[in-house]
Amino acid sequence: MTAAGPRPGPGAPAAAGPPRVVRVLPDVPAIAKAFDYAVPDALGPEVRVGSEVRVVLGGRRVWGWVVADGVDPEPGVALRPLAAVRGWGPPPAVLEVAAWAAWRWAGPLSILLRTASAPRVVRRLPSAPGPAPGGPPATAAVAPGPAGEATTTVVRAGPAADPWPWCRRAAALVGPGAGVLVLAPGQGAARALARRWHQEGTPVALLPEEWARARAGGCVAVGTRAAAFAPLPRLAGALVLDAHDEVYHEERSPTWCAWEVAAERARRAGVPCVLVSPCPTLDLLGRGRLVTAPRGFERGGW
């Protein structure tokens, strides 16, 4: 029998409610399990799904990612508090596609979340850019449809064909909070595209160095293989140039494929995905309908 304590007097503070609990996946590839932690009041405003946090695990402090919020912990378990918040991490949609990729290529989720995270600590995000002057209306083609109903298109074009027409159409999908993912086979090509968008006044984030700008949304996020996990909070469309190139395949475990990740993100968001290649592979052809240019134009591209 437990002795009852004194009754609170008039004006006494109300008893504290249950603590806010989050689930954290530690940045330890050998550990696939996520653990529950209590959120201290002082850290509460900084903690959200995707945040990078520091926790005590097995007597040592490790970094990790918040993968769920508002968790109901197991009864009788004494929860440790979060030790610190490092900064912004991937948005929930990227966490979900990273979990899919970890299952698809049978590898540790933490390795993929490293790829999806900022190369440097991001404490705050820049303001999301507005629409480009004279550009398309802010609502043009950015409303997502039901998951699984988006169209994936494979475009066959010669290797010398200028990819800018596809890039310009992709950029037209950018709207408030909605960004477009563009993958290029090399960093030089990605930088050249970013410069051209800058010249036209299109909001653009070159990854990985402009990770925070991409996380704010409302821009084109362009980069190489790792940019498949670009931290756009809402996806409006995806474009992969030279999708057949082996550079899009990670050689270390998990051996994920960037164009497949981009296509899966578009499918989940219900937005269009375009895969451009002069020689589409069977995997590409199996992903969506094939579109070809007039024969003379295609021959000119070779």
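Any residue in the stretch 223-235 that is of a type in the set (K, R), farther than 16 Å from A116 by Cβ, in contact with a strand residue (DSSP E or B) (Cβ under 6 Å, 6 or more places away or on another chain) and open to solvent by 20 Å² or more (accessible area, probe 1.4 Å)?
no
A quick yes/no check of all residues on (1) closer than 21 Å to A216 by Cα; (2) in contact with a Pro (Cβ under 8 Å, 6 or more places away or on another chain); (3) in contact (Cβ under 8 Å) with a residue 12 or more places away in the chain; (4) surrounded by 13 or more Cβ atoms within 10 Å (Cβ to Cβ):
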{"site": "G50", "(1), (2), (3), (4)": "yes, yes, yes, yes"}
{"site": "L57", "(1), (2), (3), (4)": "no, yes, yes, yes"}
{"site": "D72", "(1), (2), (3), (4)": "no, no, yes, no"}
{"site": "A93", "(1), (2), (3), (4)": "yes, yes, yes, yes"}
Answer yes or no as to whether R196 is surrounded by fewer than 19 Cβ atoms within 10 Å (Cβ to Cβ) and part of a helix (DSSP H, G or I).
-> yes
Within the stretch 254-289, the residues that are assigned to a helix (DSSP H, G or I), aliphatic (A, V, I, L, M) and either surrounded by 19 or more Cβ atoms within 10 Å (Cβ to Cβ) or touching a strand residue (DSSP E or B) at 6+ places or on another chain (Cβ under 8 Å) (or both) are A258, V261, A262, A263, A266, A269, L284, L285
Which condition does R86 not pass, out of (1) modelled with pLDDT of 95 or more; (2) open to solvent by 70 Å² or more (accessible area, probe 1.4 Å); (3) more than 21 Å from P29 (Cα to Cα), if it passes all the others?
-> (3)
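The values are calculated or read from the model by the stated rules, or taken from the named source; none is laboratory data. Small disclaimer: the values here were computed from a predicted structure and weren't measured. In this analysis, Cβ positions are derived from the backbone assuming ideal geometry, glycine residues included, and neighbour counts consider all displayed protein chains. Just the protein is used for accessible areas: all its heavy atoms, side chains included, with ligands, DNA and RNA removed. Shrake-Rupley method; radii C 1.70, N 1.55, O 1.52, S 1.80 Å.
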